[in-house]
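Below you'll find the structure, written out as structure tokens, and then a few comments.
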Amino acid sequence: EINEEIISDAVIALNYYNVEAQRKEKKDEDDTIQLIISTEGGSVPDMFALYDSVRLATKTIDVSTFGVGRVMSAGILLLASGTKGKRKVGKNCRLMLHSVRGGHFGSIKELETDIREVRWYQNQLLKSLEEETNLSAKQLKSLFRKKTDTYFDAEQAIEWGIADEIV
């Protein structure tokens, strides 16, 4: 599950290796971090914490992402965030994409604030997926308007530009 505890450990490790790679005078083949992803999803803010860390790291080192088992919800952007050409997906991996979801309660004013926050995250997810994949904003909005989960396989992940290679 993508949550604060798991993601904070991953962010710390990713940033450590990024700093170490920056200290070297030249890049070598060992400067690739492999991020293995198998998740049903989880927290959107925590997903963005790791996503931003991967984006920062890829300025210095390669980040190879490998989706296995299931890559769903928040895991989709993380799989797509790896260095282009180094994003892999297992032949039998099952993937799922949907719009940002929220579950809130409270006063009307609190709910209105929460709705604005969910919309902000939805827009950030849309922009990030558009940047990392072959999907246009129009295609993504169409998928999100379905108001249901969109399941797909490794071949579709390649076609959509979420991954580069099936293994």
Residue list for the stretch 147-167, restricted to those being of a type in the set (D, E, K, R), more than 23 Å from PHE48 (Cβ to Cβ) and not in a helix (DSSP H, G or I) = ASP153, GLU165
Before we move on, is LEU56 touching a residue at least 24 places away in the same chain (Cβ under 8 Å) and either small (Gly, Ala, Ser) or part of a helix (DSSP H, G or I) (or both)?
-> yes
Test result for ARG70, surrounded by 15 or more Cβ atoms within 10 Å (Cβ to Cβ) and free of Cβ contacts under 8 Å to residues at least 40 places away in the same chain = yes
Within the stretch 84-131, tally of residues that are outside any helix (DSSP H, G or I) and in contact (Cβ under 8 Å) with a residue 60 or more places away in the chain | 11
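Coordinate-derived values only; no laboratory data. Note that the structure is predicted; figures quoted are calculated from it, not measured. When we count neighbours, we look across all protein chains shown, and the Cβ atoms used for this are built from the backbone with ideal geometry, even at glycine.
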